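Below is one structure, written out as structure tokens; comments come after it.
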Amino acid sequence: MRSPWSVVLALALLAAPARAGEMVVFQLDPEHSSVGFVLGATLHTVEGNLGPVSGRIAFDPETELATGEVVIDLMKADTGVARRDRKMHAQTLETDRFPQAVYRIHGIDLPEVLEQGRNEIQLHGDLDFHGATHEVAVPAIAVLDGGHVSATAWLEIPYVDWGLDDPSFFILRVGKAVRVEMKIEGRLEGDLPGAPTAAREPR
């Protein structure tokens with residue numbers, strides 16, 4: 001399965017033509033990024049946010065090797081309904097024991113030619129979630145505009161198969177997988193294809 005996470009897909013765009021071994025860096029902007037989810041149910045659809053997201057990724061556009069991580073603060077997850085949120089934190093996410101989800105990236109699939117504008121990419125990595133690690137691939141659409149990157153990534157998480165509590169009861173039947181969508185923005189460090197050199201952010 002793939003994870004939410006990473007949202008760092010935007011990084012893919014970073015893959016500007018570069019010399020072999022030269023790493024390009026994507027710095028995620030937490031204030032303009034979010035991770036939402038949708039869970040189907042018999043009586044209604046539950047929508048919410050998984051929490052604030054942060055991250056930084058470096059990758060080699062030629063070898064497609066990558067390193068970095070995307071972190072989601074699950075303590076801030078909410079659906080807008082206080083009673084439901086208390087149950088979600090206490091019984092399903094168990095955020096007192098597992099306050100974060102961390103996607104550790106080790107590879108990235110890039111188009112043959114990365115361009116300004118729309119690019120399809122895919123991240124590969126391991127998702128540390130609810131006390132277990134799952135290998136996950138995350139597809140994304142990333143849009144490159146000079147040194148700025150905006151991206152949308154998505155995945156289905158089979159949370160029941162992964163050992164989380166099934167909130168179904170009586171006539172309320174809840175889906176056994178949740179759809180996660182990440183909307184990410186950030187800046188690139190390095191030269192970009194078809195654009196002036198991106199500003200380098202302080203490290």
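Throughout, read-outs are computed from the coordinates displayed, never taken from laboratory work. Remember, it's a predicted structure, so these values are computed and weren't measured experimentally. Every residue, glycine as well, gets a Cβ built from its backbone with ideal geometry; the counts of neighbours run over all protein chains shown.
Here are the numbers:
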item	result
A177-A90 pseudo-label distance in nm [points 7 Å out on the Cα-to-Cβ vector]	3.1 nm
Cα convex hull of segment 10-189, projected area averaged across orientations, nm²	10.3 nm²
